[in-house]
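Below is one structure; the comments refer to it alone.
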Amino acid sequence: MHQLVTFLFTFIQLQTQIIELLFLMLVGKNFTPKADTPIDKKYHKLTVDPLPILGPLPITKIYDYDKLLMDFKLKHNKELKPIKYRGKNIPPAHLTCPYCGAPHGYFYDNNGGKGQYLCKVCNSTFFPFNPSKDTVIHCPFCHCALEKIKERKDFDVFKCTSMNCSFYKKNIRLMSPDQKKLFAKEPYRFKHHYIYRKFHFDFVPLSKENSVLPKVDLSSIKVSHHVLGLILTYHINYGIPSRKTAALMYDVHGVKISHQSILNYTRAIAPIVKPFVDGFEYDLSDSFCGDETYIKVNGRWHYIFFFFDAVKKIILSYNVSKHRDTLNAIKAIDSLLSKLNTLPDNLNLITDGNPIYLLAQQFFAQHNINFDVTQVIGLSNEDPVSKEFRPLKQIIERLNRTFKGNYKATTGYGSEPGSVANVTLFVAYFNFLRPHSKLDGNVPAVIPKLNSLEHMPAKWLTLIKMSEEYIKSKQPA
Ligand SMILES: [Zn+2]
Ligand SMILES: [Zn+2]
């Protein structure tokens, strides 16, 4: 009996070891806990060059057809006669020669009706309609066709490879002797050639269609108005997690409610409040800065792209995404721009060193929406920044602290819609309900109707009511 027990015991020990070994092979060598913050990648320096020439090159007129016709007459003692067209391939009536300005009547079909013409006056050949060449992109400095050198997730990179390009030659000239030495050894460290990025997004900037109005339906909310106001106050204003809010509602107010109901309520209310938050006519300054902060959703890092008015302390963008990429920077800037009545001529956005903002700037420039981006390295991390930007850094840190203060207790969000709902409600709270010490204790966006109310639950309910009315006023009757 004793032997059997010993045998079984040894057997179990062996089994445990095998299981541990298998587990190790399956999961990996060590179980170091995950870092508390996502890894901060060092950014490559990125410069943005002016736009290329898209479509056919502009042809500069180099001759004057009147003068050429006169010269012809002097030389040959007779007029240069217009062509008598017959048959097929007659040039269109409105055609003029791009090189000399000769009118219809002086053009030969030069390639069997495929669109190339020869001017009888100046002897130039030209394509007036050139669909095949429309897709060619030309360097704005030397007019060479750009070469596609890279295909990235968000864009293709085109380069002017000409060594005679004025842009390239100027950059070579401007190098210091030390840089020239380094360039001779390691030319890849320098970007001297003209670069253009062609984006793949079909995102239309400042389109009204980017925002969709939701249906107002709060029928899932089974508690009284006041209870709902209390829940939002605890859960959003004070950042108390849903389970603790549920416990608090029972212990303090004697209201039995499940934590899941609390999550469901925030998810029902956030889409109704969002159009109001986004469509509100904010009184804005001209100082805006952007910053990404990270949150955990279902155990995975997500980013919130904040843009806010640095003077008025109003949050204008708050997109949540899995990706810290150019499209999200574009969306964040778009929701900021859509809140400005007119785009100021000297609009300048201040961001951290992430190149996605410069790429976004280039994307908007390609849609004729122009603004500057000032990148401040160290704006939103531990690194020191210059004195000029120190106040901005403090503003960003304060916003981050406020947000993180509310978010921290939740230890991350369980789902993506849940995180979006919470961030939206946080922004509604931050802009309309939260007194700000830097604004003499006023809320950033003052609504007199809310100010006169005595307590927070009433303010939340009035805000929801106003949001419902806002949606109704925007919906076609
Ligand atoms: Zn001509
Ligand atoms: Zn060039």
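Across the range 96-113, which residue is least open to solvent (accessible area, probe 1.4 Å) among those that are within 30 Å of residue 147 (Cα to Cα) and within 11 Å of ligand 1 (Cβ to nearest atom)?
97
Out of the residues in the range 159-188 that are of a type in the set (A, V, I, L, M, F, W, C), under 12 Å from residue 141 (Cβ atoms) and at pLDDT 90 or above, state the one that is least open to solvent (accessible area, probe 1.4 Å).
160
Residues checked against (1) within 28 Å of residue 466 (Cβ to Cβ); (2) among the hydrophobic types (A, V, I, L, M, F, W, C); (3) modelled with pLDDT of 90 or more:
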position: 283; (1), (2), (3): yes, no, yes
position: 286; (1), (2), (3): yes, no, no
position: 292; (1), (2), (3): no, no, no
position: 297; (1), (2), (3): no, yes, no
position: 303; (1), (2), (3): no, no, yes
position: 309; (1), (2), (3): yes, no, yes
position: 312; (1), (2), (3): yes, no, yes
position: 315; (1), (2), (3): yes, yes, yes
position: 318; (1), (2), (3): yes, no, yes
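May I ask you to verify whether residue 321 is over 23 Å from residue 378 (Cβ atoms) and within 13 Å of the chain's Cα centre (by Cα)?
yes
Kindly provide the set of residues from the range 257-308 that are touching a residue at least 60 places away in the same chain (Cβ under 8 Å), part of a strand (DSSP E or B) and open to solvent by less than 20 Å² (accessible area, probe 1.4 Å), ordered by number.
Matches in the range 257-308: 288, 289, 290, 291, 292, 293, 295, 297, 302, 304, 306, 308.
List pairs: first residue in the range 226-255 and among the hydroxyl-bearing types (Ser, Thr, Tyr), second residue assigned to a loop (DSSP other than H, G, I, E, B) anywhere in the structure, Cβ distance under 6 angstrom, at least six positions apart or on different chains.
234/240; 250/256
Looking at the range 189-236, which of its residues are farther than 28 Å from residue 154 by Cα, among the polar types (S, T, N, Q) and surrounded by fewer than 16 Cβ atoms within 10 Å (Cβ to Cβ)?
Listed by number, the residues that qualify are 219, 220, 224.
Only one of 74, 57 is assigned to a helix (DSSP H, G or I) and away from ligand 1 (no atom under 15 Å from the Cβ); which?
So the residue among 74, 57 that is assigned to a helix (DSSP H, G or I) and away from ligand 1 (no atom under 15 Å from the Cβ) is 74.
Within the range 448-477, can you find the residues that are of a type in the set (Val, Ile, Thr) and farther than 17 Å from residue 233 by Cβ?
Within the range 448-477, just 471 meets the criteria.
Quick one: which strands (runs of 3 or more DSSP E) lie wholly within the range 134-227 and hold at least 2 residues that are under 30 Å from residue 337 (Cα atoms) and within 16 Å of ligand 2 (Cβ to nearest atom)?
155-159, 195-199
Can you confirm whether residue 317 is open to solvent by 10 Å² or more (accessible area, probe 1.4 Å) and assigned by TED's automatic domain parsing to the domain that holds residue 378?
Here the answer is no, as residue 317 does not meet what is asked.
On the basis of being more than 16 Å from ligand 1 (Cβ to nearest atom), in a loop (DSSP other than H, G, I, E, B) and either loosely packed, with under 14 Cβ neighbours inside 10 Å or within 49 Å of the chain's Cα centre (by Cα) (or both), does residue 93 make the cut?
Answer is yes for this residue.
The values are calculated or read from the model by the stated rules, or taken from the named source; none is laboratory data. From a predicted model like this one, the values you see are computed outputs, not experimental measurements. All Cβ positions, even for glycine, are placed from backbone atoms using ideal geometry, and neighbour counts span all protein chains on display. For accessibility, only protein heavy atoms count, side chains too; no ligands or nucleic acids. Shrake-Rupley method; radii C 1.70, N 1.55, O 1.52, S 1.80 Å.
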